[in-house]
Amino acid sequence: MKKKIFRYRYFIIFLLYFIVVSYLSKNATLVFEWKVIMQNFADYHDYYYLGKPSAYMPPLYPYYLLLIQSIFKIPQWIMISCILQSVILFFSVLSLVQSFKENDKNKNNYFIAFVCIIFFPPILLGSTKISSFALTISIFNVFFALLLKLSKKITHKNLVLISIVSILGLYIRYEFLFLMILSAFVLILYKRIKYYSLLLLLAFIFIAYLPWCIRNYEKIGTFHYSTSLSYNFAKGNHEKYDIFSSDNFPYDPSKKIILTDEYLRTHYENEKQIDTYLNQLNKNFISTHPKLFIENSLKKIGINFLNYYPGNYNFSGNTVPYLYSISLLVFNLLLIYILFQKSRSGFTFQAAFLGILFIFYLLFYSIAPLPRYFLLYFPLFFLFVFQYFSCKIQSVLLKANNGNYF
């Protein structure tokens, strides 16, 4: 009986997971931003926001919602979309776990790690809301899994799969472009892929993404990947910015007003003008307040490291933010400790990539920190830490058994 349960443990945990996410998804709703986008889809048959063509975010998640709504023409389509994205997340984590298991003798231990990740409360709750979070972390997981496989052995299958996943990644998060560049850099550094193969791969990916850039040029007037970088930068850098709040908007000191989405799209003809205006605000702030810019940037890097975000949880007081911050601070310190230990014997591809990725997380998301950003990389970091301590424990047990034997 125990052997049967052990054999079907992933199936059993999937059933439990499905029940939990179904329960958590039953009250999911479209918040203001998604209500506007979905209504604009119905009105203009294109990706608009507040009545104007938009490239504020890559379009994969809005199109995902539109697809689910068109297939399930019932009031429960929102709940179904949350359940489906949670299921996709489940299998994406499983693919990442499998990539870690392949070259590890202690394969059964990874079931514990898998359960810890999928039932980690912030990830579980985040996946059951209308947000691109679940699909983003899913695509990141599969990309990292394929990258680790590619670092060990180049196959046509893995090249095709990672190109498809990369295209999806570009269509859901603008920072995926930088993840691709970092990955290519480490692959070349460790001589895991030939230059011409990498160039062909990148060319194919960018050609597949080209239609969206052309669409943005035709609709907005700029050959743009995404306009969100200027917006988020302006949101995270001005005199009234509150580093401990996620409820920040761009601010114009000359007009002395908060620049809401509604204001920007009412007073400017298109998103190109908005992007140019916000970009100029960013330049003005950096040149006018260089010390404040550096000070805020350092504080935001600290926030990313500490993962302390008061006011971002639906709980009274600071108990939950403190507990969350302390637990992830300990985790980050363990991650750094392991990376340091790995460096003493020479960085492996895996350790080098994770070290660069951790630095990228700290620096890139200092533009405008939010609690969910670290979670995009948490499964990969967690499995790396888990693998290290699992090997250490097995080594200690083996030595103890050998000592008893002799």
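The values are calculated or read from the model by the stated rules, or taken from the named source; none is laboratory data. Just so it is clear, the model here is predicted, and its values are computed rather than measured. Here the Cβ is made from the backbone with ideal geometry for all residues, glycine too, and neighbour counts use every protein chain on show. Side chains included, ligands, DNA and RNA excluded: accessible areas come from the protein's heavy atoms. Shrake-Rupley method; radii C 1.70, N 1.55, O 1.52, S 1.80 Å.
Put a plus charge on the Cβ of each Lys and Arg, a minus charge on the Cβ of each Asp and Glu, and nothing anywhere else: the dipole of the chain about its Cα centre is then about 1840 debye.
If you build the Cα gyration tensor of segment 24-131 and take the root of 5 times each eigenvalue, what three semi-axes come out, in whole angstrom, biggest first?
On the way: eigenvalues 232, 45, 26 Å².
The equivalent ellipsoid of segment 24-131 has semi-axes of 34, 15, 11 Å.
Working from label points 7 Å from Cα in the Cα-to-Cβ sense, the Asn270 to Leu329 distance is 4.9 nm. Each Lys and Arg contributes +1 and each Asp and Glu -1, all at the Cβ; summed about the Cα centre of segment 1-61, the dipole is approximately 860 debye.
When a/c reaches 1.5 or more, the comparison of a/b and b/c decides; with that in mind, is segment 157-304 rounded, prolate or oblate per its Cα gyration tensor? It is oblate, given that a/c is not under 1.5 and a/b is not larger than b/c. Measure nothing fancy, just the Cα-based angle from helix 271-288's long axis to the longest principal axis of the chain, in degrees from 0 to 90, nearest 10. The angle comes out at about 80 degrees. Could you work out how far helix 319-344 tilts from the main Cα principal axis of the chain, as a 0 to 90 degree angle to the nearest 10? Value to nearest ten degrees: 60. Since only Ile243, Ile181, Ile257 are under comparison, the one whose Cα sits farthest along the positive direction of the charge dipole of the chain, derived from C-beta charges on Lys, Arg, Asp and Glu, is Ile181.
Build a GNM of the chain with springs between Cα atoms under 10 Å apart, and of Tyr44, Tyr231, Tyr277 the one that fluctuates most is Tyr44. Considering only Tyr309, Phe381, Asn232, the residue lying farthest towards the positive end of the dipole of the chain is Phe381, judged by Cα position with unit charges set on Cβ.
Using a/c under 1.5 as the rounded threshold, could you call segment 86-171 rounded, prolate or oblate? The axes a ≥ b ≥ c are square roots of the C-alpha gyration tensor eigenvalues, and prolate needs a/b larger than b/c, oblate otherwise. Oblate is the answer for segment 86-171, as a/c is 1.5 or above yet b/c matches or exceeds a/b. Against the chain, whose longest principal axis is taken from its Cα atoms, helix 9-25 shows a tilt of about 30°. For segment 209-253, trypsin sites (Lys or Arg not before Pro) are listed when DSSP marks them as loop and at most 16 other Cβ atoms sit within 10 Å of their Cβ; the list is Lys240. Ordering 80-93, 157-170, 191-204 by mean Cβ neighbour count within 10 Å, with the highest value first, yields 80-93, 157-170, 191-204.
Rank-order 352-358, 26-32, 141-147 by packing density, defined as the average count of other C-beta atoms within 10 Å over each peptide's residues, highest first. All intermediate terms of the calculation are to be shown ahead of the outcome.
Details: 352-358: 20.3, 26-32: 12.3, 141-147: 24.9.
Order by mean packing, descending: 141-147, 352-358, 26-32.
A Stokes-Einstein calculation at 10 °C with viscosity 1.306 mPa s, built on the Kirkwood radius of the chain over Cα pairs, returns a diffusion coefficient of 68 µm²/s. Sorted on the mean count of surrounding Cβ atoms within 10 Å across their residues, most packed first, peptides 389-396, 69-76 read 389-396, 69-76. About its Cα centre, the dipole of segment 239-348 is roughly 520 debye, where the only charges are +1 on Lys and Arg Cβ and -1 on Asp and Glu Cβ. Counting only heavy atoms of the protein chains and using a 1.4 Å probe, Thr276 has close to 90 Å² of accessible surface. Temperature 20 °C, viscosity 1.002 mPa s: under these conditions the Stokes-Einstein estimate for segment 266-373, based on its Kirkwood radius over C-alpha pairs, is 128 µm² per second.
Could you tally the net charge around Asn237, taking each other residue with its Cβ under 14 Å from the Cβ of Asn237, Lys/Arg +1 and Asp/Glu -1? Could the numbers behind the result be given before it?
Working: positive: Lys235, Lys240, Lys283, Lys291, Lys299, Lys300; negative: Glu239, Asp242, Asp252, Glu295.
Result for the neighbourhood of Asn237: +2.
Rolling a 1.4 Å probe over the heavy atoms of the protein chains gives segment 27-177 an accessible area of 41 Å² per residue. Apolar share of the accessible surface for the chain: 67 percent from carbon plus sulfur atoms, 1.4 Å probe.
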